[in-house]
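The values are calculated or read from the model by the stated rules, or taken from the named source; none is laboratory data. Every value quoted in this text rests on a predicted model; they were computed, and no experiment measured them. All Cβ positions, even for glycine, are placed from backbone atoms using ideal geometry, and neighbour counts span all protein chains on display. Each accessible area value is taken on the protein alone, full model and side chains, heavy atoms only, with ligands, DNA and RNA left out. Shrake-Rupley method; radii C 1.70, N 1.55, O 1.52, S 1.80 Å.
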Amino acid sequence: MPPRLRLRSLAQLADLQLQRPAYTCGRCQYATAVATTPASSDTQFQSSIPPVSRYPAVQPPSHRSPLQRKSQLLRSYVSLLQTTPLIVLFQHSNLKAAEWVGIRRELRSALRKIDEQLAKQGTPPEDLIADYIKFEVIKTNIFEPALRVAEYFNPGELAPQSIDGSDPALTHALSEAAYRVASEHKGEHPLTPVLAGAVAILTFPAVSPVHLKTAFSVLSPKAPTFPAPTRRAAPSYYDPPVQDGLKKLLILGARIDGQIFDSEGTRWVGSIEGGIGGLRAQLVALLQGFGVGLTSTLESASRSLWFTMESRRNMLEEEEKPKDENKQ
Amino acid sequence: MITTYVTSLKVAFNPFLATSKVPRLFLTLLPPEAHKTIKITTAQFPRTSTASALLELGFKDGKTMKYTWEIESSSAEDKTTKTKKVGLNDIVEEVNRHARGLARKEELTG
């Protein structure tokens, strides 16, 4: 049996709603008839209505389907890029699971040792970041668009016409506006060629050269500045799986506070002694040396002038003396 | 890819250029135990360098294969020369062909 529903088109329904007279009860019929207020115009009526959101607040509509795994991966990468100031990129070529496990274990133990040292020196607990330093493999074909969204998409800067078609309130990483901005900058980011093939990232929640140095001395030791842990301090570091795995890791570059560094530049950041404080000390020393040089340069002109004047005065005095002698 | 007859591999690239793609992908194609039998040397150019990427393979019989990728200077030159760039598959094919030949030779002699 067909449903006993009278099907009406939307237009018919709208007509019905318009035609329906406003309900007034029998008693107040008289009063309402007397007190007629001027009907507000259509535009006034519409402008007073607050915009109704057509979606639940926790499920905004998105350009990419939120049900897909890769959309969620993109979201997580964007938030990672927005919150992580220091990311080091590595190439990994066919590491085995045992090698990954070994390398991560050595990295964690070395970083924890550094944290213990720092804690003894009285470093505040928020600077002890060893447990939050992660070394993970990424999907480059998702990470690259995520990088573009994180770098170029700034919801505050959107031009009004660019958000014409879509809801201006939608500024999340999966929104259409974000997609449009990111696709405008396709292939522009300097890290795009780096993000090809097998890439792993080492993420630091804060720019800390001490931790970076420790990580480098484990992951790619280089004798003078980044010495590998000694056999006595870390015997498990010399296990065959760890050593085999390290041979297959390659530093490609880093993104530090939004700036791109190559492998040498990254090593330089890691070699800064004493972190920000050390860098400030270096700057002060440089400026002091510069100041000394400057004062001596500025002084030299006046000093030479003084010498000239002094020698001239001596000359004059000597000339006057014989005259005096002659008079006497 | 048959890597049993490869003895040495020399790679040099600037990872911030698109030319580094093939040499880097070639490194990932090697089997996990490759560094025990093959002498792999990797060099990275600084970010500003425009040197061409290099991939050099050495085989047991002494044959060497050398590939370089230069930066594309302009589109006008490409039209005149029209040379196809060496891709990853081309190299893999070449390595496999040579390895098969060597295997056949070994089979016949020993």
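To the nearest ten degrees, helix B:88-109 and the longest principal axis of the Cα atoms of chain B are 20 degrees apart.
Under 10 Å, Cα contacts only: if you run a Gaussian network model on chain B, which one of B:PRO23, B:PRO46, B:PRO32 comes out with the highest mean-square fluctuation? Maximum among the listed residues: B:PRO32.
Protein-only accessible surface at a 1.4 angstrom probe places the residues B:THR3, A:THR230 in the order A:THR230, B:THR3, largest first.
For the stretch A:69-279, relative contact order (Cα pairs under 8 Å, six or more residues apart, normalised by length) works out to 37 percent. Summed over both chains, the accessible area lost when B and A associate is about 1700 Å², using a 1.4 Å probe. The charge dipole of the stretch A:69-279, taken about its Cα centre with unit charges on the Cβ of Lys, Arg, Asp and Glu (plus for the first two, minus for the last two), comes to roughly 960 debye.
Among the listed pairs A:LYS134/B:LYS10; A:LYS139/B:LYS66; A:LYS96/B:LYS21; A:LYS134/A:LYS222; A:LYS222/B:LYS63, which have their C-alpha atoms separated by more than 29 angstrom in this model? Check vs 29 Å cut-off fails for A:LYS134/B:LYS10; A:LYS139/B:LYS66; A:LYS222/B:LYS63.
When exposed loop sites are taken as trypsin sites (Lys or Arg not before Pro) in a DSSP loop with at most 15 other Cβ atoms within 10 Å, the longest stretch of chain B clear of them is B:1-59. Could you compute the net charge surrounding B:GLY58? Neighbours are other residues with a C-beta less than 11 Å from the C-beta of B:GLY58; K and R count +1, D and E count -1. Charge balance near B:GLY58 sits at +3. When the trypsin sites (Lys or Arg not before Pro) in the stretch A:178-274 are filtered for DSSP coil states and for at most 13 other beta-carbon atoms within 10 Å of their beta-carbon, the remaining sites are A:LYS186, A:ARG231, A:ARG232.
Projecting the Cα atoms of A:GLY102, A:ILE114, A:VAL207 onto the dipole axis of the stretch A:69-279, where Lys and Arg carry +1 and Asp and Glu carry -1 at the beta carbon, places A:GLY102 farthest toward the positive end.
When Rg and the Kirkwood Rh are both derived from Cα coordinates, the Rg/Rh ratio for chain B amounts to 1.03.
Take the convex hull of the alpha carbons in the stretch A:69-279; its mean projected area over all directions comes to 13.4 nm². Hey, how many Å between the Cα centroid of the stretch A:180-210 and the Cα centroid of the stretch B:1-74? Taking the Cα centre of the stretch B:1-74 as reference, the centre of the stretch A:180-210 is 23 Å away. Between A:ARG312 and A:LYS96, the modelled labels are 8.8 nm apart [label points 7 Å from Cα along Cα→Cβ].
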